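Novice: Take this structure, written in structure tokens, and hold onto it; I'll ask about it next.
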Amino acid sequence: MAGLRFRLLIIGKTGCGKTTILSKACGEDEAGKGSESRGVHNIEKALRFKNNDLLLVHDSEGFEAGVTKEFAVVNAFIERRATLEDVSERLHMVWYCVEANSRPLQHAEKEFFSSKRPVPVVVLITKFDMLIQDILQELEGEEENEGLDDDELEEKAAQIAIECFDENYRKPLEALQFPPYAIVTLSDTHKSKPDDSRLHELIKQTVAALKSANDADATTQKREEQRMLGDLFVMAQTADLAAKVELTVIRCMGTGYGSLGMRLIDKKEMIDSWNTCWSSWKGDDSFTWLSKLLQKHVDLSPRLIGHDASPDRLQVQRWTRQLEMAARLEQTVLDSVMIMKHIVLLDAEHIGERAVVERLARWYDGPCKTAVQVRALLMDRHNRNPHATTGLDPEGLYAIIRDLKTEVPDIDLSVGDDGADASQRKGFQAKFGGLGIKGLFKKKDK
Ligand SMILES: Nc1nc2c(ncn2[C@@H]2O[C@H](COP(=O)(O)OP(=O)(O)OP(=O)(O)O)[C@@H](O)[C@H]2O)c(=O)[nH]1
Ligand SMILES: [Mg+2]
């Protein structure tokens, strides 16, 4: 996969929210133009993103209704790009954006989905929050709603918006000759901390669309290629951390169970799966440094299941030897991804601050409650079947940490003499949201 970039085309009318979605799902536009260059795009010129070497995005040229020139440009682009033999030049995915409103499906959509496309397409119904707002305003003016309080009114509006989506978009789109793989509604994408923008659903459906793009008679090589593209997209996207965690667990376990023993997991493989988070480090010895740091606080930690000094040593002695080895490997995988998750939440821009990362890893290995929980969950699973000779499958292993809440470090992670700088502080706040980050930026003791 080395050097390969995921190539995405995003189309939709001017102002429907394309640039905003890209800023959340792909990172910051390298040219830093944001929404300034609205409406004017050259579809051939791929956008790149800061600290993200895995993604190229083509933006449509103010794609408007049906038979216009732009429609022909987009069509020709897809036809040519999506059928290229060379996977690095090929178009891998189309996001077709439609702004939510109460109008029925437009001619452009009907036309677009009336021909077979040689590439998976997902429809994004954007600004769904605005549709709800419009409906809410109408409801507020209606006599029959006078007895409802604000929450009840909002709930009613949301319900009507979903019905409207079903009638105006989902059903008509699904009835077209070559419907999109999936239709995802997006809300409040422009807000820095939306309650639920559903961007993670967009990531999930995009990956599913890639994996399902094979015909029944697709060759093994083709299937493998699509699977690889799905993984590449998960690494490249910046909107769904859980997807990165899952992929990392699966990839680590894929290489881990071949020969049980005191084998350590492949840290490079693991760090690679978080690629966008580390790309700003490229070119120096960061990978080696991070690998060693993880080994020290994971593979060589006395927290490891089966350690002589651990209080549940007796329980583990009832297990088969193979199960003990498997459980230890599982714990190293989960500990590593949990540390990585915390590092990412620190803010990718500042991962270069080694002192901060090291302090965080030490915290995980010490007072962090998540680490204790991970170990307890694994112990519980295996105590149920101590005679097993194999450990958990990757999905089962991921399920152990899927619902764990992110624990915010309550230690001093500040950098430099004056504590964290303002931009780092902002990064933490954006990522951790309202999780109570007080105490993160205590000034360093002099
Ligand atoms: N209410 C609401 N507004 C949004 C949402 N997403 C984007 N916007 C706003 O819509 C406006 C247009 O968004 P852009 O992302 O620039 O749209 P675009 O499709 O890239 O537009 P062009 O580049 O001109 O084609 C901006 O003012 C955004 O803040 C959303 O989910 N809800
Ligand atoms: Mg734009």
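Novice: Scan around residue 91 for amide H atoms under 5 Å from its own, H built in the peptide plane at 1.01 Å from N, and keep only partners 5 or more places away or cross-chain.
Specialist: Long-range HN contacts for residue 91: 82, 83, 84.
Novice: Once amide H atoms are built 1.01 Å from N in the peptide plane, which residues 5 or more positions from residue 182, or in another chain, come under 5 Å H to H?
Specialist: Answer set, sorted by chain and number: 123.
Novice: So if I place +1 on the C-beta of Lys and Arg and -1 on the C-beta of Asp and Glu, and nothing else carries charge, what would the dipole magnitude of segment 6-236 be about its Cα centre? I want it in debye, nearest 20. Let's see the in-between values first.
Specialist: Details: 29 positive and 44 negative charges, 351 e Å.
In debye, rounded to 20, segment 6-236 gives about 1680.
Novice: To continue, here is another question. Can you tell me the equivalent ellipsoid semi-axes for segment 6-236? Use √(5λ) from the Cα gyration tensor, largest first, whole Å.
Specialist: Details: eigenvalues 204, 77, 63 Å².
Semi-axes from the Cα gyration tensor: 32, 20, 18 Å.
Novice: Starting at the first residue of segment 106-112, write each ³J(HN,Hα) from the Karplus equation 6.51 cos²θ - 1.76 cosθ + 1.60 with θ = phi - 60°, in whole Hz, x for Gly and Pro.
Specialist: Per residue, the Karplus-derived 3J(HN,Hα) values read 8, 4, 4, 5, 4, 5, 4 Hz.
Novice: Residue by residue, what Karplus-based ³J(HN,Hα) values in Hz, rounded to whole numbers, does segment 224-236 have, using 6.51, -1.76 and 1.60 with θ = phi - 60° and x for Gly and Pro?
Specialist: Here the 3J(HN,Hα) series is 4, 5, 5, 5, 5, 5, x, 4, 4, 5, 4, 5, 6 Hz.
Novice: Give me a comma-separated list of calculated 3J(HN,Hα) values for segment 95-102, in order, Karplus coefficients 6.51, -1.76, 1.60 applied at θ = phi - 60°, integers in Hz, x for any Gly or Pro.
Specialist: Along segment 95-102, the couplings run 9, 9, 9, 10, 6, 6, 7, 8 Hz.
Novice: Taking loop as defined by DSSP and a crowding limit of 12 other beta carbons within 10 Å, which trypsin sites (Lys or Arg not before Pro) in segment 89-141 fit?
Specialist: On the way: sites: 90, 110, 116, 127; in loops: 90, 116, 127.
Listed in order of number, the matching sites are 116.
Novice: Whose amide H sits under 5 Å from the amide H of residue 413, counting only residues 5 or more places off or on another chain, with H placed in the peptide plane?
Specialist: 442
Novice: While we're looking at this one, here's another question. List the trypsin sites (Lys or Arg not before Pro) in segment 291-334 that DSSP assigns to loop (not H, G, I, E or B) and whose Cβ has at most 15 other Cβ atoms within 10 Å. Which are they? Don't jump to the answer; show the numbers that get you there.
Specialist: Values: sites: 292, 296, 303, 313, 318, 321, 328; in loops: 303, 318.
Sites meeting the loop and neighbour criteria: 318.
Novice: I've got another one for you. Counting Lys +1, Arg +1, Asp -1, Glu -1, what net charge surrounds residue 303 among other residues with beta carbon under 9 Å of its beta carbon? Working shown, then result.
Specialist: Values: positive: 375; negative: 335, 365.
So the surrounding residues net to -1.
Novice: So, counting K/R as plus one and D/E as minus one, what does the shell of residues with Cβ under 13 Å around residue 371 add up to? Mind dumping the intermediate values first?
Specialist: Values: positive: 303, 341, 362, 369, 375; negative: 335, 365, 407.
Taking every other residue near residue 371 into account, the sum is +2.
Only the coordinates and a few stated rules stand behind these numbers; no lab work does. Remember, it's a predicted structure, so these values are computed and weren't measured experimentally. A quick note on method: Cβ atoms are made from the backbone with ideal geometry, for glycine too, and the neighbour counts reach across all protein chains shown.
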